[in-house]
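Visitor: Pasting a structure below so you can have a look.
The values are calculated or read from the model by the stated rules, or taken from the named source; none is laboratory data. Bear in mind the structure is a predicted one, so any value in this text is a computation, not a measurement. Positions of Cβ are generated from backbone atoms using ideal geometry, with glycine treated the same way; all protein chains shown enter the neighbour counts.
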Protein chains: 2
Amino acid sequence: MLDDLKSGETLDQACPIRDVLDRIGDQWSLLVLATLAPGVKRFSQIEREIGDVSKQMLSKTLRRLEQDGFVAREVHAEVPPRVEYRLTPLGHSFLEPMRGLIRWAEANQGAILAARGRAATA
Amino acid sequence: MLDDLKSGETLDQACPIRDVLDRIGDQWSLLVLATLAPGVKRFSQIEREIGDVSKQMLSKTLRRLEQDGFVAREVHAEVPPRVEYRLTPLGHSFLEPMRGLIRWAEANQGAILAARGRAATA
DNA sequence: CGATCTGGTCACTGTTCGAGACCATCGACA
DNA sequence: TGTCGATGGTCTCGAACAGTGACCAGATCG
């Protein structure tokens, strides 16, 4: 799409990247997916690992990821209740291209920080 | 990082991916970068191409992308004023890994839509 | 003498987000 | 018997944030 975009075209809502990125581009979705990458985890385990996510947002994020087919939710009828989350094949396949982005982020963080610093003093 | 994350570790703020994605993961940044991919564009041209971005958000987004070194801003002292935006080398290099993600989005949009439909009827 | 075009900014409003209280249920403990 | 803690959430409240539309300056066109 990036290459196909000519001057004058509009980037309307039919654009799939837009739909997908609106979902996973929020503050928490990607973090949750990354947390689930190594395997099955429970709600409070994810909460602890991310650290500064509120229960509300974690709950909402997980529900949306489940609806979009990225994660699967399994409830065990025990007391206290146990709920397990795991990535679906779709979720795993999504992490593939994400790794490229993550590598870029690690490699270029310095450049961004430098630009930011330059902008601050300018 | 995804592979390095073991159970029990926390995903704190030092994580570079987190910093980077908080910036480009918002509603508009990526769209602006994509719009600028083919070459230099003016403010209102970007506005028109994206279609449903408000001037305020576009202004804010461009300023942040500029601060982070993704785009360069050039003001021509004319009347009416002309302001041009272009990707920096950093901006272009960022689009590299993004293309992988975009391809994934295009390839898997159907699966997501299907999952979403299944969730809605369930 | 207006209208218009550009790149913004400002005030107002509606949506969203985080913090923290609250809930139901069971076992452990005193 | 009483109550305390753990789990996976939901509810409410105030704060922060995003979108809408008005406004601005300065020159040129009719």
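Visitor: In the range B:53-72, what count of residues is obtained for those that are touching a residue at least 24 places away in the same chain (Cβ under 8 Å) and within 16 Å of DNA strand D (Cβ to nearest atom)?
Guide: Taking the range B:53-72 and keeping what is touching a residue at least 24 places away in the same chain (Cβ under 8 Å), we get B:53, B:57-58, B:61-62, B:64-65, B:68, B:70-71.
Subset that is within 16 Å of DNA strand D (Cβ to nearest atom): B:53, B:57-58, B:61-62, B:64-65, B:68.
Within the range B:53-72, residues that are touching a residue at least 24 places away in the same chain (Cβ under 8 Å) and within 16 Å of DNA strand D (Cβ to nearest atom) number 8.
Visitor: Now, a different point. Here are some residues: A:Gly100, A:Gly91, A:Gly69, A:Gly117. Which one is exposed (fewer than 14 other Cβ atoms within 10 Å of the Cβ) and either modelled with pLDDT of 90 or more or not in a loop (DSSP other than H, G, I, E, B) (or both)?
Guide: That would be A:Gly117, the only listed residue that is exposed (fewer than 14 other Cβ atoms within 10 Å of the Cβ) and either modelled with pLDDT of 90 or more or not in a loop (DSSP other than H, G, I, E, B) (or both).
Visitor: Here's another thing I want to ask about it. Residues being out of contact with any Asp or Glu (no Cβ under 9 Å at 6 or more places or on another chain), within 14 Å of DNA strand C (Cβ to nearest atom) and within 19 Å of B:Ile112 (Cα to Cα): count how many of those fall in the range A:32-63.
Guide: Adding up the residues that qualify gives 4.
Visitor: Only one residue in B:Leu95, B:Leu65, B:Leu87, B:Leu101 is within 17 Å of A:Gly25 (Cα to Cα) and more than 7 Å from chain A (Cβ to nearest Cβ). Which one?
Guide: Step by step, each of B:Leu95, B:Leu65, B:Leu87, B:Leu101 is checked, and only B:Leu65 is within 17 Å of A:Gly25 (Cα to Cα) and more than 7 Å from chain A (Cβ to nearest Cβ).
Visitor: Which residue pairs have Cβ atoms closer than 8 Å, lie 6 or more positions apart in sequence or on different chains, and pair a first residue in the range A:38-52 that is farther than 10 Å from A:Tyr85 by Cβ with a second residue that is outside any loop (DSSP other than H, G, I, E, B) and within 16 Å of DNA strand C (Cβ to nearest atom)?
Guide: A:Glu47/A:Lys55; A:Glu47/A:Leu58; A:Glu49/A:Thr35; A:Ile50/A:Leu31; A:Ile50/A:Val32; A:Ile50/A:Thr35; A:Ile50/A:Leu58
Visitor: Return only the number of the condition from (1) at pLDDT 95 or above; (2) buried (at least 17 other Cβ atoms within 10 Å of the Cβ); (3) more than 14 Å from DNA strand D (Cβ to nearest atom) that A:Tyr85 does not satisfy.
Guide: Only one criterion is unmet by A:Tyr85, namely (3).
Visitor: Another one. Which residues, taken from the range A:7-29, are at pLDDT below 75, in contact with a Gly (Cβ under 9 Å, 6 or more places away or on another chain) and aliphatic (A, V, I, L, M)?
Guide: A:Leu11
Residues checked against (1) assigned to a loop (DSSP other than H, G, I, E, B); (2) in contact with a helix residue (DSSP H, G or I) (Cβ under 7 Å, 6 or more places away or on another chain); (3) at pLDDT 95 or above; (4) within 11 Å of chain B (Cβ to nearest Cβ):
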| site | (1), (2), (3), (4) |
| --- | --- |
| A:Ala34 | no, no, no, yes |
| A:Arg48 | no, no, no, yes |
| A:Asp52 | yes, no, no, yes |
| A:Gln56 | no, no, yes, no |
| A:Thr61 | no, yes, yes, no |
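Visitor: Identify all residues within the range B:104-122 that are among the β-branched types (Val, Ile, Thr) and more than 7 Å from every other protein chain (Cβ to nearest Cβ); write none if there are none.
Guide: B:Thr121, the sole residue that qualifies.
Rundown of residues vs (1) more than 16 Å from the chain's Cα centre (by Cα); (2) not β-branched (Val, Ile, Thr), yes/no style:
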residue: B:Glu49; (1), (2): no, yes
residue: B:Arg63; (1), (2): no, yes
residue: B:Glu66; (1), (2): no, yes
residue: B:Val71; (1), (2): no, no
residue: B:Thr88; (1), (2): no, no
residue: B:Met98; (1), (2): no, yes
residue: B:Ala107; (1), (2): yes, yes
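Visitor: Among the residues of the range B:72-88, what is the count of those that are in a strand (DSSP E or B) and more than 8 Å from DNA strand C (Cβ to nearest atom)?
Guide: 5
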